[in-house]
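Below you'll find the structure, written out as structure tokens, and then a few comments.
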Amino acid sequence: MLVLDATGRVTAASASAGTLWSRPAAELIGQPFAALFVFEIVSSDPEFLEAQWEGLLITALDQDTTLSLATPEGAPREAAVRLEKNVAAAGYLASVQPPRPAAPATSGAGDDRTAAFQLLAAQGATGFFDLNLAAGAVHFSPAWKKIVGYAAAELPDTLDTWRQLIHPDDSAAAPDKPGKKLTPGPRPFSVEFRMKHRRGHWVWIQCVGVQVVSAAGQLERVVGLHLDVTERKQLEEESLANDARLQDLSGAGPLAAFELDFAGKSFWYSPAFETLLGHEEGELPRDASAFAAALPPDEASAGVEVWWLSRSPGQNEFVEAVKLRAKDGKPVPVLLGAHRSVTRKRDLSRVVGFACALPGNLTSGGAEGALPAELTNEAFATLAEAVIVADPRGKILFANAPAARLLRHPADQLPGQSVGDVFRLVNRQSGRPGDDPVDLAISTDQPLKLISSDALAAPIEGESPTPLVWTARASIAPDGKVRGVAIVFRNPDEMTLTPEELVKANRFESLGLLAGGIAHDFNNLLTTILGAVSIARGNTENPALLDAEKACDTAKGLTKQLLAFAKGGAGTQVACPVKEILQDSIKIAAAASSAVIDLDVPDGVEPVMVDRAQILQVFQNLIVNALQAMPPPPHQPRLQIRAGNIALTDDQVPSLPAGDYVELEVRDNGSGIKPEHIDKIFDPFFTTKKHGTGLGLATVLSIVRKHGGQLGLDTEIGKGTAFTVFLPKAAQPVEVKARRAASLRFGTGRVLFMDDDAKISALTATMLTSLDYKFDLAKNGEEAIAFYRRYLNIGRPYDVVIMDLTVVGGMGGEECFKLLKEMDPEVRAIVSTGYDNDDMNRKYMDMGWCGYLTKPYRAADLGKAIKTVAG
């Protein structure tokens, strides 16, 4: 018996296989299966062996064929060969049986077969078993018992023996456990699981055989063979660990690894190798020319193979300092280590090695004319389009692509030229020559302000100058000497925003990033709090716990409000009745208020298509602002809230096209808004309240506009303020939803949960325990993949995988899901994230995820999500 991988190489072999080929079984591992037989044409060429393997698949897959064994003695021996697919792993199982000697004339063929089988069952390395479930009879061969460390008489032939020896985590993969769908008749199988050895350790078993299913769909009998594959499993685990270490070093790590297989025409370069030479990941071609391009021109002329053979003659392994060539042609000093393999003819066959940047390559200040790293950082930190970096004498060291375009010079021709020759400034109004930017920057103690009075002189006479907005900054060394000057400029005609608008846009962008981070981190904290409260509520009746749970839900709504302002997503929109929206807003926002609130919504007001949660935030904010703007007693506060249908014409309301809308107004009798504040009230963080956040009206405006609407304002000092919201009429009626039946929150199955927050993992573990699920916890994607592969290999993949998207310092959920999908296309995964956003929900559902669990969540929310996905 031999186990083969998908390419036909031997990964495991029984002792009998070693005997058959007259060599230790371990020497067969790694050999091409086709190379173990004698064919009319023999070659060691990999492509020829691949063709022979394809021929073997055609002639021997699921059928017997006769081949001649290639043995050390040289004498050909025929054998019967049969290949079968290995259902437990990608690959094949091969059985090779020599021809039986002719039976004596006085003996029948049946007697000979019986004797041969008895010899195999008692002395072979392959164990035989027969589980006759219908008759209650069980048989284990002496070789089967020997695999688990017992003599023939020491282990009873019972079904209890079988079940006691199988690892509890692998019992579902055992062949005596029927699958979900059973088809009557014989059913071949091949699985791997662990059985307990007499000495207490676990033995990995490769089990192949046949299940017999009755016409009623019941499993009646299981007959099969056991092969001890513990060594192979250990080798696989060691190989995975070695691959992980190499990936850590040669991926984002410092080790630039490579493999040059000249014989097999296969070449590999790690991402770190490409980065070392200035390439993007995947940019290098997978051939010898990529390494040839990295050699100095005078050394590469003789060829890559000659270059390798000339290094450290007489040594297969060596480490030495060399200079490679980067993508831009600059030399890269590295420490190069390699192992070479040569043929008997001294031809280079294969090179495996690494390269590490030497300290001299990590700094760029020592070489004459090189661009100082500090200056480069300052130049690109200026946040502009066109950048020129010059030395103190005004010679250009660097110019980016926008600078080359505006100066009308190729970027590679600008270094070395004088700034005054290519960056000639003239006054826009008078046309007089402007100041030299290098001299001006060096003579000024502070960075220059943004200068907009100059233009760039046209390189061709008769053309108009190009208007410029520019600034410059000198880079000063610690000793007070000038290292160079960075000049930043752009054409204002190409800008779609004024400088003031640019400042405001940058603030909004920064606020969006801040809001996303706050929402994510805040929801992570709420997960711990809300989860603990929900577990406590399940164990005791305490009204305070209910109040705490509602407070967590309110806090979750605040993070959603912050994201709504930052991203402006309209979420999932449905047709909602206007009166219901206003009534719910009043209940929440005006609770415990003494104000008189008049609500006027006539019958026949059309519904609006909105995200209900977000539009509630709009009117809650408007009502709260109105109540807080009231003068102190004895003033009697009053709000008038009304809604009605309106048909708008073009330009009747700015930025709204003509059409049918619903007009909603919130009017108060407060103090009114001061004229100097009107232009600022919608700016983020602007507030006139002592303890205000300044986000309320900014959020209102963002949500209304994202729903295709507009916000109007009418205010008068001493009389009050009215905010009017215009929303498009819904194109469909309000949907009447049927009440869903309550779903069970408890279930069975195995769950893999991945989150880098230890507190969230511990709390979720408590929830899963209370829900009767078995589970494993992983802190990053690498651990999750290792867990999933382990159980997939024994035919027991997880029922559900729940993963956090963001993992600090490790693989996150999105990347991990892609790898799990490649490993098991049927994987069922749930997103666990602090970003409560309907657009993200749809994005991940389209990617193949099966569920979306928003933090914070209760035990019931977790159970519902798992139940929905796992069934």
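Of the residues screened, GLY604 is not one that is in contact (Cβ under 8 Å) with a residue 12 or more places away in the chain and touching an Asp or Glu at 6+ places or on another chain (Cβ under 8 Å).
Answer yes or no: is there a residue in region 795-802 that is touching a residue at least 24 places away in the same chain (Cβ under 8 Å), more than 18 Å from ALA778 (Cβ to Cβ) and of a type in the set (Val, Ile, Thr).
Looking for residues that are touching a residue at least 24 places away in the same chain (Cβ under 8 Å), more than 18 Å from ALA778 (Cβ to Cβ) and of a type in the set (Val, Ile, Thr), one finds none in region 795-802, hence no.
Let's see how each residue does on (1) exposed (fewer than 14 other Cβ atoms within 10 Å of the Cβ); (2) not hydroxyl-bearing (Ser, Thr, Tyr):
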{"residue": "LEU407", "(1), (2)": "no, yes"}
{"residue": "ASP412", "(1), (2)": "yes, yes"}
{"residue": "GLY431", "(1), (2)": "yes, yes"}
{"residue": "ASP436", "(1), (2)": "no, yes"}
{"residue": "LEU440", "(1), (2)": "no, yes"}
{"residue": "THR444", "(1), (2)": "yes, no"}
{"residue": "LEU450", "(1), (2)": "yes, yes"}
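For region 307-332, filtering for residues that are assigned to a loop (DSSP other than H, G, I, E, B) and among the hydrophobic types (A, V, I, L, M, F, W, C) leaves 1. The conditions of being without any contact (Cβ under 8 Å) to a residue 60 or more places away in the chain, under 30 Å from VAL191 (Cα atoms) and either of a type outside the set (Gly, Ala, Ser) or open to solvent by less than 10 Å² (accessible area, probe 1.4 Å) (or both) are not met by VAL869. Scanning region 1-51 for residues that are open to solvent by less than 20 Å² (accessible area, probe 1.4 Å) and assigned to a loop (DSSP other than H, G, I, E, B) yields GLY8, SER14, TRP21.
Note on region 807-825: among residues that are of a type in the set (A, V, I, L, M) and closer than 14 Å to TYR788 by Cβ, the one that is surrounded by the fewest Cβ atoms within 10 Å (Cβ to Cβ) is MET823.
Taken together, the residues in region 460-474 that are buried (at least 16 other Cβ atoms within 10 Å of the Cβ) and either more than 46 Å from the chain's Cα centre (by Cα) or hydroxyl-bearing (Ser, Thr, Tyr) (or both) amount to 3. For region 89-109, the criterion of a residue being at pLDDT below 85 and within 28 Å of ALA174 (Cα to Cα) is satisfied by at least one position.
Being among the acidic types (Asp, Glu) and either within 19 Å of PHE193 (Cβ to Cβ) or in a helix (DSSP H, G or I) (or both) is the filter here, so list the residues in region 148-162 that pass it. The answer is ASP160, and nothing else.
So, in region 574-585, how many residues would count as being outside any loop (DSSP other than H, G, I, E, B), surrounded by fewer than 19 Cβ atoms within 10 Å (Cβ to Cβ) and either of a type in the set (Gly, Ala, Ser) or touching a strand residue (DSSP E or B) at 6+ places or on another chain (Cβ under 9 Å) (or both)?
4
Is there a residue being surrounded by fewer than 22 Cβ atoms within 10 Å (Cβ to Cβ), in contact (Cβ under 8 Å) with a residue 24 or more places away in the chain and on the phi > 0 side of the Ramachandran plot anywhere in region 828-843? No: zero hits. Selection of region 658-667 for residues being open to solvent by less than 20 Å² (accessible area, probe 1.4 Å) and over 11 Å from LEU713 (Cα atoms) yields TYR661, VAL662, LEU664. Inspect region 740-757 for any residue being modelled with pLDDT under 90 and among the aromatic types (Phe, Trp, Tyr) and give the result as yes or no. Yes, because at least one residue in region 740-757 is modelled with pLDDT under 90 and among the aromatic types (Phe, Trp, Tyr). Of the residues making up region 449-489, those that are more than 14 Å from ARG424 (Cα to Cα), outside any loop (DSSP other than H, G, I, E, B) and charged (D, E, K, R) are ARG473, ARG483.
Here's a check for you: in region 635-678, which residue that is in contact with a Phe, Trp or Tyr (Cβ under 7 Å, 6 or more places away or on another chain) and not in a strand (DSSP E or B) is farthest from THR721 (Cα to Cα)? Filtering region 635-678 for residues that are in contact with a Phe, Trp or Tyr (Cβ under 7 Å, 6 or more places away or on another chain) and not in a strand (DSSP E or B), the one farthest from THR721 (Cα to Cα) comes out as LEU656. Scoring ASP651 on the criteria (1) within 27 Å of ASP603 (Cα to Cα); (2) open to solvent by 60 Å² or more (accessible area, probe 1.4 Å) leaves a single failure, condition (1). Quick one: would you say VAL419 is in contact with a helix residue (DSSP H, G or I) (Cβ under 6 Å, 6 or more places away or on another chain), more than 30 Å from ASP328 (Cβ to Cβ) and among the β-branched types (Val, Ile, Thr)? So VAL419 does not fit the description; no. Looking across region 301-324, the residues that are open to solvent by less than 30 Å² (accessible area, probe 1.4 Å) and under 18 Å from ALA256 (Cβ atoms) come down to VAL304, TRP307, TRP308, PHE318, VAL322, LEU324.
Yes or no: GLY420 under 18 Å from VAL387 (Cβ atoms) and either open to solvent by 20 Å² or more (accessible area, probe 1.4 Å) or modelled with pLDDT under 85 (or both)? Spelling it out, GLY420 is indeed under 18 Å from VAL387 (Cβ atoms) and either open to solvent by 20 Å² or more (accessible area, probe 1.4 Å) or modelled with pLDDT under 85 (or both).
The values are calculated or read from the model by the stated rules, or taken from the named source; none is laboratory data. Since the model is a prediction, treat every value here as computed from it, not as a measurement. Cβ sites come from the backbone with ideal geometry, for glycine too, and all protein chains shown count toward neighbours. Ligands, DNA and RNA are excluded from the accessible area calculation, which covers all protein heavy atoms including side chains. Shrake-Rupley method; radii C 1.70, N 1.55, O 1.52, S 1.80 Å.
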